[in-house]
Each structure stands twice: as C-alpha cells, then as structure tokens.
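Engineer: Just dropping this structure here.
The values are calculated or read from the model by the stated rules, or taken from the named source; none is laboratory data. Quick caveat: nothing in here was measured; it's all calculated off a predicted structure. When we count neighbours, we look across all protein chains shown, and the Cβ atoms used for this are built from the backbone with ideal geometry, even at glycine. Note: areas computed on protein heavy atoms with side chains; ligands, DNA, RNA excluded. Shrake-Rupley method; radii C 1.70, N 1.55, O 1.52, S 1.80 Å.
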Amino acid sequence: MSARMKIAMAQMAPVWLDKRATLKKIYAAVEAAAKQEAGLIVFGEALLPGYPFWLALTGGAEWNTSLNKKMHAHYMEQSVCIEQGDLEQLCQLSKKYQIGVYLGVVERPLQRGGHSLYCSLVYINPEGTIGSVHRKLQPTYDERLTWSPGDGNGLQTHSLGGFEVGGLNCWENWMPLPRAALYAQGENVHVAVWPGSKHNTQDITRFIAKESRRSEERRV
C-alpha cells in the first residue's frame, strides 16, 4: 500500500468530570497534532468528561444513597450533548486543520430522550462533519450502573487519507462480531480506545492486526 498517514495518539488525562476544561485540553492536543502534520488524532474511551472510576472504588451499586445520586447527577450535567453543540468547536478545529478525530465521550443524546448516558466513540472527518457516533454495545461490569447499552448503528468505517478507518470502545475490541462488522466494510486502520490498563490491551492489539490481515498497514 502506497498511502501514508501520520496518526497522533493523545494519551492524556481529562480534567475529571469537567467538560469545559477537558475540551480545552482536547483543542490544544488537536492543534499540536496538526502542527506535526498528523492526519488523524485519537483520544481515549470516555475522555470527555471522564471515566466513572468512582463506581469501582466506592459503594457505586448502593441503592438510593445521597452520594450516588449527586455523583450521577453531576456526571449527567457534564456529559456531552451533540445536538446542543458541545462538539461544534472541535468540528471547526478539525475542519481548520484538515484532521480526522476519534474521541471517546460520555454522551447524553436528546434523540434517546436525554435521560440516559452512553459510552460513545465519535468520528469527525477533516471537513468538520461528525461521520458517526458509535455507542458502546454493552457496558462492562460496573459501567452498567451508569452507562446504557448501545446499538450497532455506529459500527461504520470512514475513508481517510487513502485508508478505511473504524473503531471500537474498550472491551468491544475483544468481541468477534463487532470486529467482523468493521472488517466487512473494508477497514484497514482499526482504532481501539480504552480508559487504560495494559493488561487488557497488549494482546488484543496484536491479535487484531493479525486476524484482520492488516499487520502491514498497521506499521505504516
């Protein structure tokens, strides 16, 4: 394959549960990647506004407690509503610098009633248009206490710089059928976003490259 594309991986922490402050960090990362002539920048799972770590570290499953109600209410307040323009400035930056963006967000979509949260992977193309919003099919373990199950509507690939890019959230990368759905669309650059944990990622990353026969492209 003769095509070449530089990919920036923004391994950064959010300003946890602060949407506006985290967006400022994201904008700065996009500008830095563009200056290095990257064609695509990738951010981690649920970076905006942050992963719900408190569920595993506290009594997150306790019913009807004041603390859990306050935490979830704040999480809802800081979540991303695409319909209300939360990603508009990011789309403008993407267009300005002609760079694709994969961003993990905690989404509160109005089209779903505005009362449920989803772990979503948003793709923005270099024209500044949101190409797809993939909502995590099945939240993992304690994530189910705050995130709703998604659907397959966002399992889409996109043409970018001579490649066909697609992506999955966290544990979805271990699920054969979502991977197959992307392979079937001609995916040859796979974006696997995680909130962290080398233990969960180091083997599956290599396996996906071999399984999809894309090891050569992944080295580009």
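Engineer: Among (1) in contact with a strand residue (DSSP E or B) (Cβ under 9 Å, 6 or more places away or on another chain); (2) open to solvent by less than 50 Å² (accessible area, probe 1.4 Å), which single condition is Ile130 missing?
Structural biologist: For Ile130, the failing item is (2).
Engineer: Kindly indicate which of Arg4, Arg20 is touching a residue at least 60 places away in the same chain (Cβ under 8 Å) and open to solvent by 100 Å² or more (accessible area, probe 1.4 Å).
Structural biologist: Details: Arg20 fails: touching a residue at least 60 places away in the same chain (Cβ under 8 Å).
Among Arg4, Arg20, only Arg4 is touching a residue at least 60 places away in the same chain (Cβ under 8 Å) and open to solvent by 100 Å² or more (accessible area, probe 1.4 Å).
Engineer: Can you go through Tyr123, Tyr118 and tell me which one is of a type in the set (Phe, Trp, Tyr), open to solvent by less than 10 Å² (accessible area, probe 1.4 Å) and under 22 Å from Pro14 (Cα atoms)?
Structural biologist: Numbers: Tyr118 fails: open to solvent by less than 10 Å² (accessible area, probe 1.4 Å).
After ruling out the rest, the residue left standing is Tyr123.
Engineer: Condition (residue is of a type in the set (Lys, Arg), surrounded by fewer than 15 Cβ atoms within 10 Å (Cβ to Cβ), without any contact (Cβ under 8 Å) to a residue 12 or more places away in the chain and under 19 Å from Gly44 (Cβ atoms)) applied to segment 190-203: is it met by at least one residue?
Structural biologist: Yes, there is a match, as at least one residue in segment 190-203 is of a type in the set (Lys, Arg), surrounded by fewer than 15 Cβ atoms within 10 Å (Cβ to Cβ), without any contact (Cβ under 8 Å) to a residue 12 or more places away in the chain and under 19 Å from Gly44 (Cβ atoms).
Engineer: Now, a different point. Could you tell me whether any residue of segment 69-79 is outside any loop (DSSP other than H, G, I, E, B), open to solvent by less than 20 Å² (accessible area, probe 1.4 Å) and in contact with a helix residue (DSSP H, G or I) (Cβ under 7 Å, 6 or more places away or on another chain)? Even if it seems obvious, please write down each step before you answer.
Structural biologist: Kept after step one, since they are outside any loop (DSSP other than H, G, I, E, B), are these residues of segment 69-79: 69-78.
From what's left, open to solvent by less than 20 Å² (accessible area, probe 1.4 Å): 75.
Filter once more, so that each one left must be in contact with a helix residue (DSSP H, G or I) (Cβ under 7 Å, 6 or more places away or on another chain): none.
Checked segment 69-79: no residue is outside any loop (DSSP other than H, G, I, E, B), open to solvent by less than 20 Å² (accessible area, probe 1.4 Å) and in contact with a helix residue (DSSP H, G or I) (Cβ under 7 Å, 6 or more places away or on another chain).
Engineer: Just one of Leu110, Leu145 is open to solvent by 20 Å² or more (accessible area, probe 1.4 Å), of a type in the set (A, V, I, L, M, F, W, C) and in contact with an Asp or Glu (Cβ under 7 Å, 6 or more places away or on another chain); which is it? Before the answer, list the steps.
Structural biologist: On the way: Leu145 fails: in contact with an Asp or Glu (Cβ under 7 Å, 6 or more places away or on another chain).
On inspection, the qualifying residue turns out to be Leu110.
Residue by residue, here is whether (1) touching a helix residue (DSSP H, G or I) at 6+ places or on another chain (Cβ under 7 Å); (2) modelled with pLDDT under 95 holds:
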residue	(1), (2)
Ala34	yes, no
Phe53	no, yes
Glu62	yes, yes
Gln92	no, no
Lys95	no, no
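Engineer: Within segment 169-178, restricting attention to residues that are closer than 12 Å to Glu211 by Cβ and open to solvent by 10 Å² or more (accessible area, probe 1.4 Å), which residue is nearest to the chain's Cα centre (by Cα)?
Structural biologist: Residues of segment 169-178 that are closer than 12 Å to Glu211 by Cβ, as a first pass: 173-174, 176.
Checking the rest, the ones that are also open to solvent by 10 Å² or more (accessible area, probe 1.4 Å) come to 174, 176.
On the way: Trp174: 16, Pro176: 19 Å.
For segment 169-178, the residue satisfying everything is Trp174.
Engineer: Restricting to segment 25-63, what's the tally of residues that are more than 17 Å from the chain's Cα centre (by Cα), within 26 Å of Gln84 (Cβ to Cβ) and without any contact (Cβ under 8 Å) to a residue 60 or more places away in the chain?
Structural biologist: Looking only at that region, the number is 2.
Engineer: Also: Determine whether segment 20-27 contains at least one residue that is assigned to a loop (DSSP other than H, G, I, E, B) and in contact with a Leu (Cβ under 8 Å, 6 or more places away or on another chain).
Structural biologist: Filtering segment 20-27 down to residues assigned to a loop (DSSP other than H, G, I, E, B) leaves none.
Taking every residue of segment 20-27 in turn, none turns out to be assigned to a loop (DSSP other than H, G, I, E, B) and in contact with a Leu (Cβ under 8 Å, 6 or more places away or on another chain).
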